[in-house]
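Peer 1: I have a structure I would like to understand better, so I am pasting it below and will then ask my questions one at a time.
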Amino acid sequence: MLKMNELVRLSGESKSTLIYYLNDGLLPQPQRPKPNVALYDEKCLEIIKFIRYLQNSLYYSISQIKAILTGSTINFDDSIDMIINSLEVVSVGNKEFSVKEVLQKSKISLQKLQALQTLELIRVDDFYSQKDIEIIDILIKSEQTLELLKHYVKSAKALAKLENKIGVEILQEQHKNSNTHQIIFDTVLKVKPYIFSNHTLLENKRIHNGDKS
């Protein structure tokens, strides 16, 4: 447990910022063993890092961050669980639509949705986000690229195994680097899409210019 001055020192945030987070429900309330003593859970440090990342790297507003923190089940006591669930929340968004609502919004049948799930293009879940609905809308118009989409799934699953293996190794060494979570987030959310898009562009240019090797 941490006192406020320790939380300020270890987090690098000002006392006024931390009080704002507390009052706005972004941080859990402290334990009060005595009338004038407030003790904060050490997981507050991980939550503060997460808030800072969402603000500085993804440009989320406080209201968006609050919606993420209150609408998710991120376990900040478990580094691996925290990374996985945080990536899901950031990548997919808040899951607020039931299957019935998804079918209504996307104007597709349950059988069509299940077909996309069988192909592993859409995950099986009880609730879905607006991002899920946008992807479903694209997929139902993408039958011509089905073979390509299957290769995306196959490659993604193989890559995920490697990401998990390396991610666990990095997290086990995280005491050596306080920015471990940010490094993983940036790698998966920013660097990976950049590398994929860049090499797709370069390869298409190479083929277009007649280099078949």
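Results for (1) assigned to a loop (DSSP other than H, G, I, E, B); (2) touching an Asp or Glu at 6+ places or on another chain (Cβ under 7 Å); (3) under 23 Å from Leu171 (Cβ atoms), shown as yes or no for each residue.
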position	(1), (2), (3)
Ala38	no, no, no
Ile48	no, yes, yes
Tyr53	no, no, yes
Gln64	no, no, no
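Peer 1: Here's another thing I want to ask about it. In this structure, is Tyr60 touching a helix residue (DSSP H, G or I) at 6+ places or on another chain (Cβ under 7 Å), closer than 19 Å to Phe185 by Cβ and part of a helix (DSSP H, G or I)?
Peer 2: no
Peer 1: Which of the following residues is under 25 Å from Ile83 (Cα atoms), touching a strand residue (DSSP E or B) at 6+ places or on another chain (Cβ under 8 Å), surrounded by 14 or more Cβ atoms within 10 Å (Cβ to Cβ) and aliphatic (A, V, I, L, M): Leu39, Leu2, Leu18, Leu26?
Peer 2: The conditions single out Leu2.
Peer 1: Right, here's the next one. Of all helices (runs of 4 or more DSSP H) completely enclosed by the stretch 89-190, which ones contain at least 2 residues that are over 16 Å from the mean Cα position of the chain (by Cα) and at pLDDT below 90?
Peer 2: 146-172
Peer 1: If you go through the stretch 102-124, how many residues are within 19 Å of Ala156 (Cα to Cα) and either buried (at least 17 other Cβ atoms within 10 Å of the Cβ) or in contact with a helix residue (DSSP H, G or I) (Cβ under 9 Å, 6 or more places away or on another chain) (or both)?
Peer 2: Residues meeting the conditions: 7.
Peer 1: Moving on. Within the set of pairs 6+ apart or on separate chains, which have a first residue in the stretch 132-154 that is over 16 Å from Leu113 (Cβ atoms) and of a type in the set (A, V, I, L, M, F, W, C), a second that is at pLDDT 95 or above and assigned to a helix (DSSP H, G or I), and C-beta atoms under 7 Å apart?
Peer 2: Close Cβ pairs satisfying both conditions: none exist.
Peer 1: Tyr59: within 30 Å of Gln182 (Cα to Cα) and either surrounded by 15 or more Cβ atoms within 10 Å (Cβ to Cβ) or of a type in the set (Gly, Ala, Ser) (or both), yes or no?
Peer 2: Criteria not met by Tyr59.
Peer 1: Somewhere in the stretch 16-34, is a residue in contact (Cβ under 8 Å) with a residue 40 or more places away in the chain and part of a strand (DSSP E or B)?
Peer 2: There is no residue in the stretch 16-34 that is in contact (Cβ under 8 Å) with a residue 40 or more places away in the chain and part of a strand (DSSP E or B).
Peer 1: Can you pull out every residue in the stretch 66-88 that is within 12 Å of the chain's Cα centre (by Cα), among the hydrophobic types (A, V, I, L, M, F, W, C) and buried (at least 16 other Cβ atoms within 10 Å of the Cβ)?
Peer 2: Ile68, Leu69, Ile74, Met82, Ile83, Leu87
The values are calculated or read from the model by the stated rules, or taken from the named source; none is laboratory data. Computed from a predicted model, the values in this text were never measured in an experiment. With ideal geometry, Cβ positions are generated from the backbone for all residues, glycine too; neighbour counts draw on all protein chains shown.
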